[in-house]
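Notes follow once the structure below has been shown.
The values are calculated or read from the model by the stated rules, or taken from the named source; none is laboratory data. What you are looking at is a predicted structure, and each value in this text was computed from that prediction instead of being measured. Cβ: placed from backbone, ideal geometry, glycine included. Neighbour counts: every protein chain shown.
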Amino acid sequence: MKDLLELYITFAKIGSITFGGGYAMLPILQREIVEKKKWDTDEALLDYFAIGQCTPGIIALNVSTFIGNKRKGVAGGIAATLGFITVPIALLVIIAMFLKNFADYTIVKNAFAGVRVCVCVLILNAIERLWKKSIVNKKALAIYVIALLLTLFDFLPLYVIVLLAAVAGVLINDKKAKKESEEK
């Protein structure tokens, strides 16, 4: 029970600062899960993030569920998920109950202007971390460039680009693994 409570509290803290969406949450999740709690590795977190992008729902919430499930099974997944959504839902309920035209208040507009700038910094931080962990050789760089071009020119739907990149990664790494096993 103590472990489930710890999952709930940890993800409630993370969920209380969910400004900016999934990409902005990556550095926060990395700091809490990998550096502070040592519950997982950077590589595993990036894998959860990749899967979280391909599954329906909020990326950071999906990652929370995956981590909770890995630590304590279904109960851990539920505890992490509930922790992550508790504060945002409570804030939405309070705002909906007491404030009409919340977004029209000058102080709210100014606060969101500052938050947008901070979110850009968080996203750039996430990009830097992803780049260092993902672009490890020329083949990975080639996959990145091709995926970027396909995305920029809106050539294919995003899910097709993700699937093609996954297939390319499997083929490249499978070929590499076979070559290494033949050398041994």
Residue 169 being in a helix (DSSP H, G or I), assigned by TED's automatic domain parsing to the domain that holds residue 17 and not hydrophobic (A, V, I, L, M, F, W, C) = no
task = Run down 24, 50, 103, 60 and say which single residue is assigned to a helix (DSSP H, G or I), small (Gly, Ala, Ser) and over 11 Å from the mean Cα position of the chain (by Cα).
result = 103
key: Candidates 28, 14 - the one that is touching a residue at least 12 places away in the same chain (Cβ under 8 Å), surrounded by 17 or more Cβ atoms within 10 Å (Cβ to Cβ), touching an Asp or Glu at 6+ places or on another chain (Cβ under 8 Å) and among the aliphatic types (A, V, I, L, M)   = 14
query = Does residue 79 satisfy the condition of being surrounded by 13 or more Cβ atoms within 10 Å (Cβ to Cβ) and under 27 Å from residue 163 (Cα atoms)?
reply = no
